[in-house]
Amino acid sequence: MTQWRVTGGLARALLVSGVGLGLALVIGSPVAVVLVAPLVVVAATGLLAKPRRDPRVLPGTTYPVLHEGQGTSSSLEIEPVDEVEFVTRIAAQAEFVALRPRNGALGFLAGRQRPLFVSPRRWGQRRIGEEKVALHSAWAGYRWGPVAFVGREVSVLPSTSGHSASAAAPQPLGLIGAHRSRREGDGTEFSSIRAYHSGDRMRRINWRVSLRTGSLHVVSTRSEEDTAVLLVVDALSDFGLSSGIDGEASSLDVAMRATAAIAEQYVRMGDRVALRVVGAGGEYVGYGAGTRHLRRLLGQLARARPGLPHDVEVEHIDLRTVGGTMVVILSPMLSEGMATLTVRLLRRGLPVIVVDTLADDTPPSVSADTDREIAGLAWRMRLIERRHVLERLAAAGCPVVPWNGPRTLAEVVRRLALRTQLPRASAR
């Protein structure tokens, strides 16, 4: 309904006032005129306030991209506003989207607009602004609408928890960065004091040692380099219940939020970060650094959805790793394909860390037509197999740690960096 229509109130006022005036003329009694006089006034003012033009209503939200837990406002732009007296808005209830007011219903005078506040509570693509709007003229004589608006898609990015990983990367092989290199070069990290060689800079001479030994000695340093970090997210399925940012977290919620936190930390340190989502969409972001690259990473995480890849087997996925890449796999390790993929990376000699995203008290997903006792037994058997897989990965040299928020990877990365500096025996 996109035109002004007579409201039921005006129609009843016209009907009753007309009947009363006709009855007064028929029976010749002025009492009937007095009784319907208020309705005559209301009907007359409603007719006189009839809008001359159809309105133009444009709803809109403030921000097209949000982090989960953040909020935005949805307002209306009405033209011409002088012919509208009262506005009614009723917003649709969407999953993982909080509204204020909670029921999504608003009514206000056109000159005193009240915005509708919207807050997405979980990452992903969320449609906000879906609502019905009705306008009323003065004295509620005419109504426009209600008209349904479809809203807009908003990318809800996973929240970051201030992850801090101050440990050095295991195999930094880039050009510049904040990690201590395994080779000597121009930098600020002390390496050793050695004899002077041709080509050494004069400012590197250690005069105290040189005077004591009688020959020139210089201070050698290690260069600071960046590292390549590949984040692999297991989105084959989602285990557990999700209640948004303020409630329970499923395995995929933990994986997305941990990935966002880790990516933010390493991008801030100047490292090259790549992303591969093993799921229905197969989202991939190549190696890069900087704030713009971080926004690309978070945007791809928001588009991910659980499901099996359509074009390739999980264990045969090409992760496009380069030499020295540190691989962080965020997975509940309930898929045989993900375990095989992890072992394949280990055999290539890459430092691999598995972040366990499955909580110990995660309940099994049970459909309505499934026996709960049988489903519980099958889930316990699957957890036993999973425990065996995690033990074998740890025995093969792959650290497995549960995600516990900030500094989860700091100690693990530090141990991997020390392990790369140990001498290795080789057969001749």
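Here, each number is a calculation from the coordinates, and none is a lab measurement. These figures come from a predicted structure and were not determined experimentally. Counting neighbours? That spans all protein chains shown, and the Cβs are built from the backbone with ideal geometry, glycine included.
Per residue of the chain, the DSSP helices (runs of n ≥ 4 H) give a summed -39500 (n - 2.57) that works out to -9500 deg cm²/dmol at 222 nm. Rounded to the nearest 5, the antiparallel percentage of DSSP beta bridges internal to the chain is 70%. The H on the amide N of Phe86, modeled in the peptide plane, is under 5 Å from the matching H of Ala110, His136, each at least 5 residues off or on a different chain. At most 16 other Cβ atoms within 10 Å and a DSSP loop assignment: could you name the GluC sites (Glu not before Pro) in region 1-101 that fit? Counting only loop positions with at most 16 other Cβ atoms within 10 Å, the GluC sites (Glu not before Pro) in region 1-101 are Glu95.
Seen against the Cα atoms of the chain and their longest principal axis, helix 410-420 is set at about 30 degrees.
If you build the Cα gyration tensor of the chain and take the root of 5 times each eigenvalue, what three semi-axes come out, in whole angstrom, biggest first? Don't jump to the answer; show the numbers that get you there.
On the way: eigenvalues 929, 166, 44 Å².
So the three semi-axes of the chain are 68, 29, 15 Å.
I need the trypsin sites (Lys or Arg not before Pro) found in region 9-77, filtered to DSSP loop residues with at most 11 other beta carbons within 10 Å of theirs. Each step should come with its number before you reach the end.
Working: sites: Arg12, Arg52, Arg53, Arg56; in loops: Arg52, Arg53.
Those that pass, being in a loop and sparsely packed, are Arg52, Arg53.
Using square roots of five times the C-alpha gyration tensor eigenvalues, list the equivalent-ellipsoid semi-axes of region 80-148 in whole Å, biggest first.
Values: eigenvalues 148, 25, 16 Å².
Working through the eigenvalues yields semi-axes of 27, 11, 9 Å.
Once you compute Rg and the Kirkwood Rh from C-alpha atoms, what is the Rg to Rh ratio for region 4-48? Numbers along the way, then the final one.
Working: Rg = 11.0 Å, Rh = 10.6 Å.
Using Cα coordinates only, the ratio equals 1.03.
Could you tell me how many degrees, from 0 to 90 and to the nearest 10, lie between the Cα long axis of helix 30-48 and the main elongation axis, the longest principal axis, of the Cα atoms of the chain? Taking Cα atoms only, the helix is inclined about 40 degrees.
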